[in-house]
Amino acid sequence: MKITELTLGILTAVGGFVDVSELVFMAQAGSRFQYALVWVIVLATIGMMVFGEMSGRVAAIAKQPVFNMMRHRLGLNLGLVTLIASLISNTITCAAEIGGVGIVLHLLTGFGFVPMAIAATAVFVATIWLLPFKWIERTYGLLGLFMIVFAVALVAIEPPWGQFATGFVPQVPAGLSTQDLLTYSYFAVAIVSAVMFPYETYFYSSGAIEEKWGEKDLGLNRLTTIVGFGLGSLLTVAILASSAQLFGPAGVNPEMPGTAALQAAVPFGRTGLLLALLGMLFAIAGAAIETCLANAYSLSQFFGWRWGRRLKPHEAPRFTLVWLVVFILALGIVLTGVEPIALAEYAVVVSILVLPLTYLPLLLLAGDKSYMRQHANGWIAKTLGWAYYALIVVAALAALPLFLLTEGGKL
Amino acid sequence: MDSGVPARAIMVVALLIAGGCGQVSSDLATIKTARSLAAERALVARLNAQSKLRPAYSKGMQRGAVQQLVAARSQLSQPDGRAGRAIGAVAALPDDAGPLRLGAHRLAAVEAQRENH
Amino acid sequence: MTIGRVRLLTQVRDLQIIDRDEQDCGIVDDVELEGRPGEGLRVTAILVGPGAYRTRLPRWAMRLVALIAGDHMARVPWGEVAYISSTVQLARPAQDYGLGEAEQRARRLLPQIGGLNAPE
């Protein structure tokens, strides 16, 4: 395994970990419940590592991306339901990301939100059309490393480290009213959904096939998912913790995506603000591209079309048309005037409903020795996989009632 | 294998999601949102006065918050009631941390009164 | 030629199809069988294309699929199946079976930006 490849892979995973939903939910969670939800981020990240590693391993050994497995394992009917649900979920998420990028560009430049959203979409189309897969992923992932300013800012504001540390212990804060308990539960489910977004698995597994991963890449896969996702999640923990320290006492429950950048402005002034905005810009932009491509991958794999950025656009025309149409649809949603934060909230709720259907075929295939040979799930992967699957099912069942009872976490 | 998918059940869930997502916020949720927006305006104004923010950012955040406050007021069941007038007052304030902080406190009081009802 | 015994419906149906040149060219959307009650069944072809869903989906779902992916169908004789593993590999290029025509139609819809593609 080349050290350069490994380092770039990990850094790309770190810089690409955060998207607009995580920015919004982590900041609100910290403001509302201080450090009491840190443990949920850790729990969800481990789940992401487990399923991310599985999807990379299946892509490398069985040479199967997620949606091929989906249809084969679940059958046409259930596969079609999953496909439609994930197309809707990813399109809403893509719209939230494009809206987030539009807002950040507006805050950086002063130019109007609408022209910035349209310009950003045009840049995304050009990026996918022109760049090979590896450089699509790396460009935004590496530039997303500006997000590290959030971790540095947390250290600079000197939070109460003892209290912060207690957040890593699974807990339900004492003395919560019934309504607060429901809202706490909603944020826990939302954090699980935001960290384990299904589009990340579709993109990661399809990317592994784009890069022609084989048995020799299993180590890279394991390190990328464990180290990369682990370090990336520290950024989301930092956003939550800074919010607890800065926003909670000020009565701020961030209602605008740009508010998170204040976490870097407080200790570092204009330089910190600029770095934070740049980090948010590239992290969210990367997510916009990933969600769009995830839809193109899903649809193409489900119907057996030629797919992938390793092919020129005209060599995979239906795949190309799909991602073009997804960007147009997502931009259209943004231009209707729906707030990006509202889109991010809808995306999180719809996505958690899709998760059980997404991960079941992956779990089954990763444990199937006839496809995976000696690389089938061992007892650790099996135990963790099924435990997390149970957690995801419970979260999926609770998501909609909690969303309705707490009015999207606002009560 | 083609599993026997309960298609109708899936449709019901889809309709519930659509209905939930289209749900109009209750007045309490709207007031909480407005209180937070007021606090965000105050925080941005304070940091801007300390020269910690870029002009485009400060202006963009203040304008965005005002737009959302105006929208929040229109969502109330009584836009011209006590809560509506308090929200309107905060939306009309200049980008000055002191008055904005007071405005946020007033909204917090309205919020507390609603919660205790 | 297949390796060992396969279960036609659970293992073969819904598998990715690749042609002789290992290009993706569809999914096994259904399997065609020939025979009479009381006699042995014989596999005669694999059916590829959304038109093969008619017997597998409710009518409303079929309309949605036709909207997105059309309702064409190609019939590939079972004798043209060269190999079955995690994919079904055919003996000849996709065009020989009428597969890939939809890709041709889609290609005409793409903007013609001459030569403007990144080297791989």
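Please work out the ratio of the alpha-carbon Rg of region A:183-257 to 2.2 N^0.38 Å and round it to two decimals.
So the Cα radius of gyration is 1.49 times the expected 2.2 N^0.38 Å.
State the three equivalent ellipsoid semi-axes of region B:24-115, derived from the C-alpha gyration tensor as the square roots of 5 times its eigenvalues, in descending order and whole Å. Don't skip to the answer; put the middle values down first.
Working: eigenvalues 112, 33, 19 Å².
Those come to 24, 13, 10 Å.
Which whole number gives the average, over all residues in A:254-262, of C-beta atoms from other chains lying within 10 Å of the residue C-beta?
6
P(r) for region C:8-108, please, calculated from all Cα pair distances in 5 Å bins and given in %.
2, 13, 22, 23, 19, 13, 6, 2, 0, 0
What number does region A:179-219 give for Rg over Rh if you use C-alpha atoms and the Kirkwood radius?
My calculation of the ratio gives 1.33.
What Kirkwood Rh does region A:256-411 have if only Cα atoms enter the pairwise 1/r average? Answer in Å. If you can, show how the numbers build up before the last one.
On the way: mean 1/r = 0.0520 Å⁻¹.
Kirkwood radius, region A:256-411: 19.2 Å.
Give me the one-decimal Kirkwood hydrodynamic radius in Å for region A:50-151, with the sum taken over alpha-carbon pairs. Intermediate values should be presented prior to the final figure.
On the way: mean 1/r = 0.0600 Å⁻¹.
Evaluated over region A:50-151, this radius sits at 16.7 Å.
How big a patch of accessible area, both sides summed and in Å² to the nearest 100, lies buried between A and C at a 1.4 Å probe?
Accessible area lost upon association: around 3200 Å².
Pick from C:Gln95, C:Gln11, C:Gln104: which residue has the top mean-square fluctuation in a GNM of chain C where Cα pairs under 10 Å get a spring?
Looking only at C:Gln95, C:Gln11, C:Gln104, the largest GNM fluctuation is found for C:Gln104.
Cross-link candidates for A:Lys134: which aspartates and glutamates have Cα within less than 16 Å, leaving aside residues fewer than 8 places away along the same chain?
Here the aspartates and glutamates satisfying the reach criterion relative to A:Lys134 are A:Glu5, A:Glu200, A:Glu210, A:Glu211, A:Asp217, A:Glu290, C:Glu120.
Could you report the protein assembly as shown's accessible area per residue, 1.4 Å probe, as an integer in Å²?
Here the per-residue accessible area is 39 Å².
Just the number, please: carbon plus sulfur as a percent of the accessible area of chain A, 1.4 Å probe, no ligands or DNA/RNA counted.
72
Using Cα centres only, tell me the gap between region A:245-278 and region A:44-119 in whole Å.
So the separation of the two Cα centres works out to 27 Å.
Using modelled amide H (1.01 Å from N, peptide plane; none on Pro or chain starts), what sits under 5 Å from the amide H of C:Val88, excluding residues fewer than 5 places away?
When sequence neighbours closer than 5 places are left aside, the close amide H contacts are C:Gln16, C:Ile17, C:Ile18.
How many square angstrom of accessible surface are buried between B and A, both sides summed, with a 1.4 Å probe and rounding to 100?
Buried: approximately 3400 Å² between A and B.
What does the structure give for C:13-26 when I average, per residue, the other chain Cβ atoms found within 10 Å of the residue Cβ?
Mean shielding count: 4.
Write down the radius of gyration of the protein assembly as shown and its Dmax, each obtained from C-alpha positions, in Å.
Calculated on Cα positions, Rg and Dmax stand at 25.6, 90 Å.
Taking amide H positions as placed in the peptide plane 1.01 Å from N, state which residues far from C:Ala45 in sequence (5 or more) or on other chains have amide H under 5 Å from it.
When sequence neighbours closer than 5 places are left aside, the close amide H contacts are C:Glu32, C:Trp78.
Under the definition of partner shielding as Cβ atoms of other protein chains within 10 Å of a residue Cβ, what is the mean value for peptide B:31-44?
Working: counts 1, 5, 4, 1, 4, 12, 6, 2, 9, 11, 1, 3, 9, 6.
The shielding value for this peptide is 5.
Quantify, in whole percent, the carbon and sulfur part of the accessible surface of region C:8-108 (1.4 Å probe; protein heavy atoms only).
Reported share for carbon and sulfur atoms: 49 percent.
Rounded to the nearest 20 debye, what is the charge dipole size of the protein assembly as shown about its Cα centre when +1 sits on each Lys and Arg Cβ and -1 on each Asp and Glu Cβ?
It comes to approximately 260 debye.
Among A:Ser370, A:Leu142, A:Asn253, whose Cα projects farthest towards the positive end of the dipole of the protein assembly as shown, with charges put on the beta-carbon of Lys, Arg (+1) and Asp, Glu (-1)?
A:Asn253
List the residues whose amide H sits under 5 Å from the amide H of C:Ala74, counting only those 5 or more places along or on another chain, with H placed 1.01 Å from N in the peptide plane.
Hits under the 5 Å cutoff: C:Val48, C:Gly49.
The values are calculated or read from the model by the stated rules, or taken from the named source; none is laboratory data. These numbers come from a predicted model, not from an experiment. Cβ: placed from backbone, ideal geometry, glycine included. Neighbour counts: every protein chain shown. Remember, those area values only see protein heavy atoms, side chains included, never the ligands or the DNA or RNA. Shrake-Rupley method; radii C 1.70, N 1.55, O 1.52, S 1.80 Å.
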